[in-house]
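Colleague: The structure that follows is given in the form of structure tokens.
The values are calculated or read from the model by the stated rules, or taken from the named source; none is laboratory data. Bear in mind the structure is a predicted one, so any value in this text is a computation, not a measurement.
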Amino acid sequence: MPTDQTMEQEFEAVPIIPPKEEKPTRKTIWTVGGLILVVAVAAFLLLLFLTSQKSGEKIFLPVVPSPTPIITEATTRLSSPYATDAAVLKIEEDLKNLDQELQSTDLKEAGLNPPVLDMKVELGENN
């Protein structure tokens, strides 16, 4: 049953609950610890490698024979019937000619540039 009474809320009376602090889990601790350990070992090995080299000593890597290439049989594909068609060959020739014409065409056409207007212009009275 609805009533005509309105309820007033007092926001100041509501207690503020502080958020809980989350403690790190064991999995997180082990992950961070493992990463730190890996970085420390890598840094130690790098330092050990750099200090163990003498300045005049050269490092030679072992020679590993290259693998023998595998010979595969070349499969010959049947050429397309259009490869020897006279109409297709004529179109290819026409395209080559058109390409040569386009490459030799002067696209700048300096004759279409406006004339240079180099006039002496004075503003003022000439008496």
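Colleague: When you scan segment 15-27, do you find a residue that is at pLDDT below 80 and among the hydrophobic types (A, V, I, L, M, F, W, C), even just one?
Modeller: Yes, segment 15-27 has at least one match.
Colleague: Can you tell me how many residues within segment 88-127 are part of a loop (DSSP other than H, G, I, E, B) and of a type in the set (Asp, Glu)?
Modeller: Of the residues in that region, 5 qualify.
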